Amino acid sequence: MGILATVQFSLHLVTSSLALRLLRVAITDGEHADPLHPTNVERLYWALVLTQDLVLVTNTVITDGLLVYRGYLVWGRPSKIFLLLPILIMFSTLATGYVTSYDEDRFTGPYHLDPRIVFTLNLFTNFVLMTLTAGRIWWMTRNQCLVFGDEFEATPRKSSPIC
């Protein structure tokens, strides 16, 4: 994740620099044109924007995969509802993210899919994983409180902030 975040930040810097060059050429009507031909700079810009979007989607799916793994450890055994729903949403986020990344190209025209769908799916995935993990921790501590009584009362408050 750290490597992907560094790559993503570097791509942001390069695309911002290229966007400023393209803006300068557009404002000055080509008087102060770069040695590189503006169409080549524009193609490079859009290729880097596509790469940046693909890295963002990949990083998002990797972090969701780590949340699924954390939930799997909390649940302690494979559960159909825990494994099926978040993983399906995670893969749908991956597919939708890649499709909207390719769909954002300047040459194909307006969006066919709204790119905010990816962020909505990611938000829903994180909400489902957080709810399942917190629910399992709550249920385990509830059962332990029933067995141990008042002695175990403070522990749920200590473990719930990890969610």
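For the reader, a short list of remarks on this structure follows.
- Matching residues in segment 8-30 - criterion: being under 18 Å from residue 55 (Cβ atoms) and in contact (Cβ under 8 Å) with a residue 12 or more places away in the chain: 8, 11, 12, 14, 15, 18, 19
- Within segment 1-20, considering residues that are out of contact with any helix residue (DSSP H, G or I) (no Cβ under 6 Å at 6 or more places or on another chain) and not aliphatic (A, V, I, L, M), the one nearest to residue 59 (Cα to Cα): 2
- Here residue 23 passes the criteria (1) of a type outside the set (Val, Ile, Thr); (2) farther than 30 Å from residue 127 by Cα; (3) at pLDDT 85 or above except the one numbered (3).
- For segment 110-157, the tally of residues that are part of a loop (DSSP other than H, G, I, E, B) and at pLDDT 80 or above stands at 0.
The values are calculated or read from the model by the stated rules, or taken from the named source; none is laboratory data. Because the structure is predicted, anything quoted here is derived from the model rather than measured. Every residue, glycine as well, gets a Cβ built from its backbone with ideal geometry; the counts of neighbours run over all protein chains shown.
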